[in-house]
Amino acid sequence: EKGSNLLFSIGWKVQTGSVSVPLTPLITALAIRDAVQPLTTDMKIKWPNDLLLEGKKSGGILVEARTTGDQMNLIIGIGLNINQTEFPSWLDIPVSSLRLQTGKTVSREWVLASVMNKLQEYLTRLRINKTSDLLVRYRQCCDTLGKQISFNLKDEFHSGLAVDIAQDGSLRINVNGE
């Protein structure tokens, strides 16, 4: 539905090696979750970068990094379902929006301002490597932890239990007790 969601990108220029690129989508997801906290306490994060409301996808983040000399340019793409109430039937996953979850029309401008404020704070902390408490909070709202997951490694499918998020943002999986 045109004009009902937020779809935007942010450019962030940093010194090469000064920011953990793998942590960027995790920290961005947490910033969005915390930004909408006044509207809903039910938003969870599916590792590493999907936003869920009542277990249904309500947003996502993609990060692209390009390095030129000593400069790294990150493009952080964000999509968040705000006021959409109907979704295409061809979608093969359950989806939701803030409006469907709260029962109220939500100001996109308010959400954008709130997200930008949190992103500025959290990305600054990422740049100065002060993210340990953010990772603790990420783990607390990560819907993936404690669940059986499947993954492909070297062209072989495996499954295991998602047990933790490492300091570098990688997912730790217990496979066959290891």
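The values are calculated or read from the model by the stated rules, or taken from the named source; none is laboratory data. Nothing here was measured: the structure is a model prediction, and the numbers come from that model. Every residue, glycine among them, receives a Cβ derived from its backbone with ideal geometry; neighbour counts consider all protein chains shown. The protein model used for the area step is the full one, side chains on, heavy atoms only, and it has no ligands, DNA or RNA in it. Shrake-Rupley method; radii C 1.70, N 1.55, O 1.52, S 1.80 Å.
Kirkwood's formula applied to the C-alpha pairs of the chain gives a hydrodynamic radius of 17.2 angstrom. A DSSP coil position with no more than 10 other Cβ atoms inside 10 Å describes the following chymotrypsin sites (Phe, Trp or Tyr not before Pro) in segment 1-98: Trp90. Cross-link reach is defined here as a Cα-Cα straight distance under 19 Å, omitting same-chain residues fewer than 8 places apart; for Lys130 the lysines meeting it are Lys13, Lys118. Of interest is the spacing of the C-alpha centroids, which for segment 141-158 and segment 1-51 amounts to 21 Å. For Gln84, the amide hydrogen comes within under 5 Å of the amide hydrogens of Arg99, counting only partners 5 or more places away or on other chains and with H modelled in the peptide plane.
Among the complete DSSP H segments of the chain, which ones combine at least 18 Å of alpha-carbon extent along their axis with a mean Kyte-Doolittle hydropathy of -1.0 or more? The qualifying helices are 108-127. Karplus-derived 3J(HN,Hα) values for segment 166-178, using 6.51 cos²θ - 1.76 cosθ + 1.60 with θ = phi - 60°, are 6, 4, 8, x, 6, 8, 8, 10, 8, 10, 6, x, 10 Hz; glycine and proline are entered as x. Counting only heavy atoms of the protein chains and using a 1.4 Å probe, Arg172 has close to 130 Å² of accessible surface. When the solvent-accessible area of the chain is split by element, carbon and sulfur atoms take up 50 percent of it, the probe being 1.4 Å. Close amide H contacts of Ser58 (hydrogens built in the peptide plane, cut-off under 5 Å, sequence separation of 5 or more or a different chain): Leu51, Leu52, Leu53, Ser96. Counting only protein heavy atoms and a 1.4 Å probe, segment 32-178 has 58 square angstrom of accessible area per residue. For Asp164, the residues whose modelled amide H falls within less than 5 Å of its own, excluding neighbours fewer than 5 places apart on the same chain, are Arg172. Here Lys104 sits with roughly 140 square angstrom of accessible surface, probe radius 1.4 Å.
Per-residue ellipticity at 222 nm computed for the chain from its helices equals -8000 deg cm²/dmol, with DSSP H segments shorter than 4 residues left out and the rest contributing -39,500 (n - 2.57). Applied to segment 70-82, the Karplus parametrisation 6.51 cos²θ - 1.76 cosθ + 1.60 on θ = phi - 60° returns per-residue 3J(HN,Hα) values of 9, 10, 10, 9, 9, 10, 9, x, 10, x, 9, 6, 9 Hz, with x for Gly and Pro.
Couplings 3J(HN,Hα) of segment 142-155, computed from phi: 7, 6, 6, 5, x, 10, 6, 10, 10, 8, 10, 10, 6, 6 Hz, in residue order, whole Hz [Karplus 6.51 cos²θ - 1.76 cosθ + 1.60, θ = phi - 60°; x for Gly and Pro].
Using a/c under 1.5 as the rounded threshold, could you call segment 74-172 rounded, prolate or oblate? The axes a ≥ b ≥ c are square roots of the C-alpha gyration tensor eigenvalues, and prolate needs a/b larger than b/c, oblate otherwise. List each step's numbers first, then the result.
Working: a/c = 2.15, a/b = 1.17, b/c = 1.85.
In terms of gyration-tensor shape, oblate.
Annotation: Arg66 carries an accessible surface of approximately 150 Å², with a 1.4 Å probe and no ligand, DNA or RNA atoms counted.
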